[in-house]
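Have a look at the structure below before the remarks.
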Amino acid sequence: MDKGHLCSQVAHKRKSKICRKDKKWKCSKLTISNLFQEVSFDSSSDENDVSCPPEKPEFFTSKFSKILNLKPSKSEIEAFENGLISTKSTDLSISDNESCNLGEYSFKISSEEEDEEENSYLHNSVVDEFKNETVLNKSSEIVSVNVGSLGIEKSATKTKTRVVSCVEKEKNEKTSVSQPKSETFSKTNAQYYYTTDGIVVVLERNETVYIHGLCLLSVLHGEIEILGHIMNKNSAEAKVYSPRGTALLYLKNQTVSDVPATNYLLNLKISIKLTPNCAVVLCKYLHDPNILFIEKHISQQILPRGENNTLPRITFDPKEGNWNLIKTDQNWDKIIDAINSHTKMIICGGKGVGKTTFLRYTLNRLLMKFKKVRVIDLDPGQSEFTVPGSISLVEITEPVFGVNYTHLHKTQRSILSNINIAYEPDKYISSVKLLLREHFEEEIPTVVNYMGYTHGMGLNILSAVIVHVQPTDILQICSRDSKKNYKCLLEEDFVMENAKLFVPDLNIILHYNLHKIESKSDENDGWTAEPRQLREMSVLAFVREMINSDSIYKTYIPLYRIGLNDIKISDLNGNDIPPAAINACLVALCKHEDEKMPIFECLGWGIIRGVDIINNFLVLLTSHKLEILNKVSHLVLGGAVLPPSIHMTPDEVTGLMPYVMEGVLMSFGQITKRCKISVK
């Protein structure tokens, strides 16, 4: 080998290491982009070379990983790198005649004297003498896990890998110790067991754990409280969402009497010691296309990354970083227990004091007594159950365990509104009056969700709304930060005086119960998603639900052709706008309700996919049926806005990007996502 060739190889290896360190991978000369029709590469440039794959550690080259086609877990990689696992002293070979599926086995460690006996003994459950020990093996079918120090040891046995942990390390013990998944769990009395279905969590009496992620949750034993709602073994599976950017949900053991374990728990064959008044919960993997669509179009990581489709994307009591936690008060239950079918309660307070949390907690508590609860959502900026940019009337029949973009509902009635009501306070108050004209046939509890506009005209607007709603109860949440609060308590005389600015001919007498509680959000100092970011994620969730696809360019819902002479196109103020201005936009499908003011009832939403000025028609993408579309008289632009990332994420579109570019991109690159959540 000549000296020049040797120097070339050394330089290439150095370049490979730099590539891996900086994670700046370049595209190969042979790479063909399926996003654009023409892609050019500079064949003379070395930057297009990716012939520098990441080096595999010796652990990856073992016959075990190759035959079983299994990737080692992060904990195993860490143990190998730290010298805790050595492939030289471990024989992991498996003969061709033997089964490669180790999923049906779980193993325990033994001394050298017991090896012969154990070689002929395989079992599906953890034996009784190891009840208090922790066994963690991601590939095994039934694995029990306790929080504590975890250890891994691989024997020289030909047919199996043995994994064990020791809660207390003895002096004579020679087992190598690592910490697989220990960063996920807190050091509480909770126990965690891995199964093929998911993670089984055992909580002792009055134990509480906070969760980050999403899962399908069911109770196997005892009773669990989650955001005010009590679940037991007879409760249906619940979809639980606890993302970053909002306060984390909790699981609290509320078992007051022992309940026999279900057949499922018995069939698990896990050695679980059920203490008096303990609770057992199963967290399963939840596949939610809406969440995947949202994650695809935002830059921030709001949920844990999933390693596979068997274990849920969830962590318990995360330690690293600051997290906002949901905290409740006993006074909440006293107020909610007094609510009856005639109650109409308004929840008031400044921004970030916990109004939405109390709303969800109240709904979950009430749904244990009533079949449904009515919600009057008067916050167009942070709508709880609808697309932002409207006020609405919704009936809730199921508990809510997540943020607003995880439980969008069909409305009974919806009125468009500007997100910033300070621009048109008269119009907003008239819209509230129009919304309240809806005839309520059924007497059920009513909860009013109001915004956090406390200063300036905010108090006058709230007072006018109270006059029109005529509540039986007002809940005022007060913060330690005086800037978030109203300047006075919302007593009847005070409200009547401030309402005269917008209701001059006031001839009614208000009578309601005023409840004052302290904000539980003052202690939170973690990252909180901004209102704009939550609005974008709500729109993304709605779009994914509407198109029932991962791309608006690939959907099976019908496209409707509408003549431009048969419909009016306007903004929120009723001003006509040209058809080209709504192309590729989210529009509200409305009918005009008030002749004096431009107030529109929203019947649904759609996306304009094309405008043909020559032939005088436009193309609408929507999931609504013709019965709804025949009532539409206006396409209104405003309120909710389609995030630019919808169009800026190509989704393997070949050729020109619709609405985004002209011409052909001449160099390979990636279109930057415009919907970006900044990290504080």
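The values are calculated or read from the model by the stated rules, or taken from the named source; none is laboratory data. Because the structure is a prediction, the values reported are computed rather than measured. When we count neighbours, we look across all protein chains shown, and the Cβ atoms used for this are built from the backbone with ideal geometry, even at glycine. Heavy atoms of the whole protein, side chains included, go into the accessibility calculation; ligands, DNA and RNA do not. Shrake-Rupley method; radii C 1.70, N 1.55, O 1.52, S 1.80 Å.
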* Asked: What's the Cα-based Rg to Rh of region 466-547, Rh via Kirkwood?
  -> 1.12
* Structure fact -> Violations at 28 Å Cα threshold for listed pairs 344/631; 296/427; 327/369; 252/372; 284/319; 483/596 -> 344/631; 296/427; 483/596
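Let me check I've understood the local charge: for residue 514, count other residues with C-beta under 12 angstrom from its C-beta, Lys and Arg +1, Asp and Glu -1. What total comes out? Could the numbers behind the result be given before it?
Numbers: positive: 516; negative: 473, 491, 492, 493.
Local charge sum for residue 514: -3.
Where nothing but the Cβ of Lys and Arg (+1) and of Asp and Glu (-1) is charged, how large is the charge dipole of region 353-427 around its Cα centre, in debye to the nearest 20? Before the final figure, lay out each step's value.
Details: 10 positive and 7 negative charges, 85 e Å.
For region 353-427, the charge dipole is close to 400 debye.
What do you reckon, how do 628, 224 stack up by accessible area (1.4 Å probe), largest on top? If you can, show how the numbers build up before the last one.
Working: 628 55, 224 0 Å².
Largest accessible area first, the list is 628, 224.
How much net charge surrounds residue 291 when only the other residues with a Cβ under 13 Å from the Cβ of residue 291 are counted, with Lys and Arg +1 and Asp and Glu -1? All intermediate terms of the calculation are to be shown ahead of the outcome.
Numbers: positive: 239, 244, 296, 305, 313, 544; negative: 288, 295, 545, 550.
Net local charge, residue 291 excluded: +2.
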* **Backbone HN-Hα couplings from phi across region 359-370 [Karplus 6.51/-1.76/1.60, Hz, Gly and Pro as x]** => 4, 5, 4, 5, 4, 5, 5, 5, 6, 7, 10, 10
* Structure fact -> Heavy-atom accessible area of residue 611, protein chains in place, probe 1.4 angstrom, given in Å² to nearest 10, is 40
